[in-house]
1. Out of all the residues in the stretch 32-73, which are under 15 Å from the mean Cα position of the chain (by Cα), surrounded by 14 or more Cβ atoms within 10 Å (Cβ to Cβ) and not in a helix (DSSP H, G or I)?
Amino acid sequence: MSVSEEIVDRWLTEEKDREVLAKLRKHGPIDRDELAWYVRLPRTTLFDVLDRLRSRGLIRVYAEQRVVRGRPKILYKAKPRDVKVIDIIRDVVY
């Protein structure tokens with residue numbers, strides 16, 4: 001585990017948040033249904049976790065690019081680790 005991963009893991013107090021972020025790093029970009037299957041969480045619980053991770057700037061949410069008709073999937077992807085570590089350190093220091 002890198003230093004940046006250790007800092008983020010200490011900053012995330014809920015085990016669910018750390019687990020979801022780890023799965024996004026490994027399998028992302030991924031939609032919510034597939035991610036729920038990987039982490040074995042109900043979709044509503046997962047939505048709350050994803051919302052917390054997004055509000056902390058740890059993940060990126062975007063719509064899938066489609067060439068066919070229909071509603072695009074919403075995909076989730078972990079942001080690069082080192083970018084967020086700077087923000088976390090800034091929050092802790094100030």
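The values are calculated or read from the model by the stated rules, or taken from the named source; none is laboratory data. Nothing here was measured: the structure is a model prediction, and the numbers come from that model. Don't worry about glycine lacking a Cβ; one is built from the backbone with ideal geometry, like all the others, and counts go over all protein chains shown.
1. LEU41, ARG56, LEU58, ILE59, ARG60, VAL61
Yes/no per residue for (1) at pLDDT 90 or above; (2) in contact with a helix residue (DSSP H, G or I) (Cβ under 7 Å, 6 or more places away or on another chain):
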| residue | (1), (2) |
| --- | --- |
| TRP11 | no, yes |
| GLU14 | no, no |
| VAL20 | yes, yes |
| ASP31 | yes, no |
| ASP48 | yes, no |
| VAL67 | no, no |
| GLY70 | no, no |
